[in-house]
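Worksheet: one structure, shown below.
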Amino acid sequence: MPQENVEVVRAAYRAWNAGDMEALGELMDPDIVMRTPEGWPEPGPFVGREAVIRVFEQWSETFDTYETEPIGDITEAADRVVVRQVWHGAGRGPEAHLESTLVFTLREGKISYQEFFWEHAKALDTMGLKE
């Protein structure tokens, strides 16, 4: 099952980068919970597929172009997948390059929980792993 979870997360990145919110939503559990990182302007948590997609649409509308790419290895353990990533946005105001780490929890092939961390080590710690 863990490798299948990694493939779901990879599909989520492809959908995000393509701007395909419908495909992204199909990868989410209807009751998904998303937590943004400490200090983020919209603190959340965001509960439910519609709420999460609405936030993603707001983020994507902030820039003319945007892309998120994993950096380093994607780590999986049981029902969780951790991805260190960099998000690039350009087109309105200064360009943005934000590095963060996401921990995804999957249930029955769907993303049920997603949490952002500024510190990669802290994300790994939530999974009981070390760098």
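Values quoted throughout were computed directly from the atomic coordinates according to the rules given, and no laboratory measurement underlies them. Just so we're clear, the structure is a prediction, and the values are computed from it rather than from any experiment. Don't worry about glycine lacking a Cβ; one is built from the backbone with ideal geometry, like all the others, and counts go over all protein chains shown.
Taking label positions 7 Å along the Cα-Cβ direction at both GLU7 and GLU22, the computed distance is 2.3 nm, reported to one decimal. Here the chain is assigned +1 on the Cβ of each Lys and Arg and -1 on the Cβ of each Asp and Glu. Its dipole about the Cα centre then comes out at about 180 debye.
Given the options ILE53, ILE111, ILE71, state which has the largest fluctuation in a GNM of the chain using a 10 Å cut-off (strictly under) for Cα springs. For the chain, modelled as a Gaussian network with Cα springs under 10 Å, the answer is ILE71. With each label modelled as a point 7 angstrom along the Cα→C-beta vector, the ARG92-THR126 pair spans 2.8 nm. Only helical runs count toward this figure. For the chain, summing -39,500 (n - 2.57) over DSSP H runs of n ≥ 4 and dividing by all residues gives -10000 deg cm²/dmol at 222 nm.
Restricting the count to DSSP beta bridges whose residues both fall in region 2-126, what percent are antiparallel, rounded to a multiple of 5? If we restrict to bridges inside region 2-126, about 90 percent are antiparallel.
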